[in-house]
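Visitor: Following this message is one structure expressed as structure tokens.
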Amino acid sequence: MAGKLSYVNIDRCAACGACENECPSGAIKVYRGCFAAVSPEKCIGCGKCAKICPACIIEIRETDVK
């Protein structure tokens, strides 16, 4: 079974919090004001975070879920 997960390029993340505020499952949190981190256990792969990101650094990637 395949699924989708968000991936944040932490080297380019501005830690603005837009993705954290947009995430319906609470899967993204800004870590110590430095970058956004995704909790794979909570991420539903909806892509809302990628659409709202002003830096365009969030990708939705296919993943194998077993």
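The values are calculated or read from the model by the stated rules, or taken from the named source; none is laboratory data. The structure displayed is predicted, hence computed values, not measured ones. Cβ coordinates were reconstructed from backbone atoms using ideal geometry, including for glycine residues, and neighbour counts include every protein chain displayed. The protein model used for the area step is the full one, side chains on, heavy atoms only, and it has no ligands, DNA or RNA in it. Shrake-Rupley method; radii C 1.70, N 1.55, O 1.52, S 1.80 Å.
Visitor: What Cys residues in the chain are without a partner cysteine, judged by a Cβ distance under 4.7 Å?
Guide: CYS13, CYS16, CYS23, CYS34, CYS43, CYS46, CYS53, CYS56
Visitor: Can I ask one more? Place a point 7 Å from Cα of THR63 in the direction of its Cβ. Which residues in the range 21-36 have their backbone N less than 18 Å from it?
Guide: What the label zone holds, given the 18 Å backbone N cut-off, is 23-31, 36.
Visitor: Sticking with this structure for a sec: Taking the Cα centre of the chain as the origin, how large is its charge dipole in debye, to the nearest 20, when only Lys and Arg (+1) and Asp and Glu (-1) carry charge on their Cβ atoms?
Guide: Using Cβ point charges on Lys, Arg, Asp and Glu, the chain gives about 80 debye.
Visitor: For the chain, what is the accessible area per residue in Å², given a 1.4 Å probe and the full set of protein chains?
Guide: I get 68 Å² per residue for this part.
Visitor: Can you list which of the GluC sites (Glu not before Pro) found in the range 1-46 are DSSP loop residues with at most 15 other C-beta atoms within 10 Å?
Guide: Within the range 1-46, the qualifying GluC sites (Glu not before Pro) (loop, at most 15 other Cβ atoms within 10 Å) are GLU41.
Visitor: Let me ask another. If you work out Rg/Rh (Cα atoms, Kirkwood Rh) from the coordinates, which of (i) 1.10; (ii) 1.23; (iii) 0.95 do you get?
Guide: Answer label, from the structure shown: (iii).
Visitor: Grab the chain and count how many Lys pairs have their alpha-carbon atoms under 15 Å apart, sequence gap of 8 or more, or different chains.
Guide: Taking the chain as the scope, the lysine pair count is 6.
Visitor: Where the accessible area of the chain is counted over protein heavy atoms with a 1.4 Å probe, how much of it, in %, is carbon and sulfur?
Guide: Details: 2280 of 4490 Å².
It is 51 percent, rounded to a whole number.
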